[in-house]
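These notes are about the structure you will find just below.
Laboratory data are not the source of any read-out in this text; all were calculated from the coordinates shown. From a predicted model like this one, the values you see are computed outputs, not experimental measurements. Glycine gets a Cβ as well: all are built from the backbone with ideal geometry, and neighbour counts include every protein chain shown.
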């Protein structure tokens, strides 16, 4: 659920993902949102 997108985000790539199941979409989008917020916070602290 969002694993490939997380890897792309961590490497600085823009990406698009597709989930068939609503539950996996929610899980994946929450994980990606959390990762993006953490990355923004880390970059702002530099």
Filtered residues of segment 1-23 (kept if surrounded by 13 or more Cβ atoms within 10 Å (Cβ to Cβ) and either touching a residue at least 60 places away in the same chain (Cβ under 8 Å) or part of a helix (DSSP H, G or I) (or both)) = 5, 6, 8, 9
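Could you check how many residues of segment 24-33 are within 8 Å of the chain's Cα centre (by Cα) and surrounded by 12 or more Cβ atoms within 10 Å (Cβ to Cβ)? Working first, answer last.
Going through segment 24-33, the residues within 8 Å of the chain's Cα centre (by Cα) turn out to be 28-33.
Keeping just the survivors that are surrounded by 12 or more Cβ atoms within 10 Å (Cβ to Cβ) gives 28-32.
Total meeting the criteria: 5.
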